[in-house]
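Structure first, commentary second.
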């Protein structure tokens with residue numbers, strides 16, 4: 001076939017199952033009953049019965065997480081620094097980059113840099 005002459009053939013729709021409340025009370029039994037159809041098509045969609053509300057997965061009262069501060073401005077400077085030539089002249093014309101590079105010239109090993117980024 002010539003380039004641009006190919007015709008897009010849409011894939012067939014996947015089977016959609018809408019189990020009753022009785023079927024939905026035993027999900028493994030329901031999946032076992034529809035398994036052959038789903039395996040033949042490779043995919044299927046199961047719509048829960050009308051009004052079904054899944055239980056919330058985590059305890060809101062005891063759930064805690066620690067947000068990580070990402071120093072994106074330092075990450076940007078390091079990527080710009082990599083676009084400099086061998087004599088230290090940057091390809092971009094931003095005078096701000098030079099001053100930021102001067103501020104960030106701290107000799108850190110690789111693990112220290114990772115720790116600094118994720119603190």
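Would you mind stating whether residue 44 is modelled with pLDDT of 90 or more and surrounded by 10 or more Cβ atoms within 10 Å (Cβ to Cβ)?
It is true that residue 44 is modelled with pLDDT of 90 or more and surrounded by 10 or more Cβ atoms within 10 Å (Cβ to Cβ).
Only one residue in 115, 57, 102, 81 is more than 30 Å from residue 13 (Cα to Cα) and at pLDDT 80 or above, so which one is that?
Being more than 30 Å from residue 13 (Cα to Cα) and at pLDDT 80 or above holds for just one of 115, 57, 102, 81, which is 57.
Pairs meeting the criteria (first residue in the stretch 15-27 and part of a helix (DSSP H, G or I), second residue surrounded by 12 or more Cβ atoms within 10 Å (Cβ to Cβ), beta carbons under 6 Å, at least 6 apart or on different chains) are 21/49; 23/30; 24/49.
The values are calculated or read from the model by the stated rules, or taken from the named source; none is laboratory data. Since this is a predicted model, take the numbers as computed values, not measurements. All Cβ positions, even for glycine, are placed from backbone atoms using ideal geometry, and neighbour counts span all protein chains on display.
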